[in-house]
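Here is the structure we will look at.
None of the figures in this text is laboratory data; all of them are computed from the coordinates on show. Note that this is a predicted model, so its numbers are computed, not measured. Note: ideal-geometry Cβ built from the backbone for every residue, glycine included; neighbour counts use all protein chains shown.
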Amino acid sequence: MQDISLVLTSPLDNLCDYTFNFHYLNQKLDPESQIPDQTEGSYTYLDLVDGLKNGADVHIKGDVGERLAFSMGVDLKHLGGTGKPDLAGRIFVDGNVGAEVGMGMVAGMLYVSGTLKEPLGNIIEVASDEEGYRKFRSITDIMCNGPGEDTPVSNSLDEDENILTLSDGILRGTIGARMDCRGTVVVEGDAYNGTGLLMRRGTVHVKGSAGMNTGSRLDGGTVVVSGIVDEFAGAYMKSGNIVINDAKGYVGANMTGGAIFSKKKVSLSPPATPGKKSGDNSKMLRRVLDAGRLEAMLYNKYEVGSKKDECVKVHMRDGSVIMRKVDNKT
């Protein structure tokens, strides 16, 4: 497919967004609508994504808004795909990039001549092979497919053990999204929203605190947060383990499997209920926490309860659905 060149007169959000699930002033944007503020061409949002899916390069001249390359490289299930990584081309930006770039990104490459606003998504900088540009790759891609000839900048990768240590102090979201391979991502600091989103294998260990939706839709693997997590940790999780110190809000909303372990007792959202730790649970805790038997004993376990049918669906203002217990005391 032919490469795409786009010239912008103002920063635009959601370019190269694979999900097509974005809104503007509460109006859902049509993927086939023409991208505004182009001085040349008449490309649609869909044109850019289709080009990347076919391995083309997308060149953007001008500053770009938020959520560039959202879920780039994913063959999304809600669009009839497999939910797994797929072919993705390269994005070149001659300008600056807004926040949440590369959220949920699993394939492809980003080249940026200017600055990137934090928080970033599931990407890290590697040594560039294009003069005048900084180069970024998906953390998931590096963990599961190796770095190739790319060398991380300001972070380190132990290829023998497949351990990526993020020590550059940059705030990131969706770290390890959709990871389905052996390996560990260590964050020497805090993480933004969605750590371990849809992860199937591997470990993400955040040494600081983490934002909302930590371990959301986790489908295997382990997410460890040494500090505090924000609302909706473990929401919709299917399997795997989440290990935290404490939570600001409710955990386990709509979970169908897996287990959440917390050192401090936390507020639960049905169907999550207190559970009993097994010997294997204790071994897992000692391993991921590098702790002794007594330390592992301090953690509380939460899992799917047996009285799931005593809950009702509650539709939230943001469009999400959570479960609340039915009050039978009337």
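Tell me, in nm to one decimal, what length is gained between Asp158 and Gln38 on full extension, where the rule is 0.36 nm per residue of separation less the Cα-Cα distance? Each step should come with its number before you reach the end.
Working: separation 120, 0.36 × 120 = 43.20 nm, distance 4.35 nm.
Here the segment from Asp158 to Gln38 would lengthen by 38.9 nm.
Kindly provide the helix-only [θ] at 222 nm of the chain, computed as the sum of -39,500 (n - 2.57) over DSSP H runs of four or more divided by all residues, to the nearest 500 deg cm²/dmol? After summing the helix terms and dividing by residue count, I get -2500 deg cm²/dmol.
Taking neighbour Cβ counts within 10 Å as the exposure measure, how do Glu159, Glu125 sort from fewest upward?
Ranking Glu159, Glu125 by Cβ neighbours within 10 Å, fewest first, gives Glu159, Glu125.
GluC sites (Glu not before Pro), restricted to the range 1-83: which are DSSP loop and have at most 14 other Cβ atoms within 10 Å? Intermediate values should be presented prior to the final figure.
Values: sites: Glu32, Glu40, Glu66; in loops: Glu32, Glu66.
Of the GluC sites (Glu not before Pro), the ones in loops of the range 1-83 whose Cβ has at most 14 other Cβ atoms within 10 Å are Glu32.
A Gaussian network model of the chain, with springs between Cα atoms under 10 Å, assigns the largest mean-square fluctuation among Val101, Val288, Val112 to Val288. Mean-square fluctuations from a GNM of the chain, with a 10 angstrom spring cutoff on Cα atoms, peak among Tyr24, Tyr250, Tyr299 at Tyr24.
Close amide H partners of Gly275, meaning residues 5 or more places away or on another chain with modelled amide H under 5 Å apart, are Lys301, Tyr302, Glu303. What relative contact order, as a whole-number percentage, does the range 33-183 give when Cα pairs under 8 Å and 6 or more residues apart are counted? Relative contact order, the range 33-183: 18 percent.
Expressed as an acute angle from 0 to 90° and rounded to the nearest 10, what is the orientation of the C-alpha long axis of helix 279-289 relative to the principal long axis of the chain? Helix 279-289 and the main axis of the chain meet at about 50 degrees.
Shape class of the range 171-297 from the alpha-carbon gyration tensor: rounded, with the ratio a/c of largest to smallest axis under 1.5. In plain terms, the residue of Met143, Met179, Met284 with the fewest other Cβ atoms within 10 Å comes first and the most crowded comes last, giving Met284, Met143, Met179.
When the trypsin sites (Lys or Arg not before Pro) in the range 251-301 are filtered for DSSP coil states and for at most 11 other beta-carbon atoms within 10 Å of their beta-carbon, the remaining sites are Lys265, Lys276. For the range 208-215, 3J(HN,Hα) computed residue by residue from phi via the Karplus equation (6.51, -1.76, 1.60; θ = phi - 60°) reads x, 9, 9, x, 6, 6, 4, x Hz, glycine and proline entered as x.
Under the classification rounded if a/c is under 1.5, otherwise prolate if a/b is larger than b/c and oblate if not, where does the range 1-154 fall, given a ≥ b ≥ c as square roots of the Cα gyration tensor eigenvalues?
Details: a/c = 1.56, a/b = 1.20, b/c = 1.29.
In terms of gyration-tensor shape, oblate.
Using a Förster distance of 35 angstrom, determine the FRET efficiency expected from the C-beta separation of Ser282 and Asp230, and round it to 0.05.
Numbers: r = 27 Å, r/R0 = 0.77.
Efficiency at R0 = 35 Å is approximately 0.80.
The residues packed around Asn155, meaning those with a beta-carbon under 10 Å from its beta-carbon, carry a net charge of -3 if Lys and Arg are +1 and Asp and Glu are -1. Between Pro271, Pro36, Pro119, the residue with the greatest mean-square fluctuation in the GNM of the chain (Cα pairs under 10 Å linked by springs) is Pro36. Within the shell defined by Cβ-Cβ distances under 12 Å, the residues around Leu285 carry a net charge of +4, with Lys and Arg each +1 and Asp and Glu each -1.
Between the range 82-149 and the range 159-202, the alpha-carbon centres lie 15 Å apart. Using the Karplus relation 6.51 cos²θ - 1.76 cosθ + 1.60 with θ = phi - 60°, the per-residue 3J(HN,Hα) values for the range 145-157 come to 10, x, x, x, 8, 7, 10, x, 9, 6, 9, 9, 10 Hz, with x marking Gly and Pro. Amide H to amide H distances under 5 Å link Tyr192 with Arg172, Gly173, Gly211, where only residues 5 or more positions off or on other chains count and H is placed in the peptide plane.
What ranking of Val97, Val266 emerges when the number of other C-beta atoms within 10 Å of each C-beta is taken as an exposure proxy, fewest first?
Fewest-to-most ranking of Val97, Val266: Val266, Val97.
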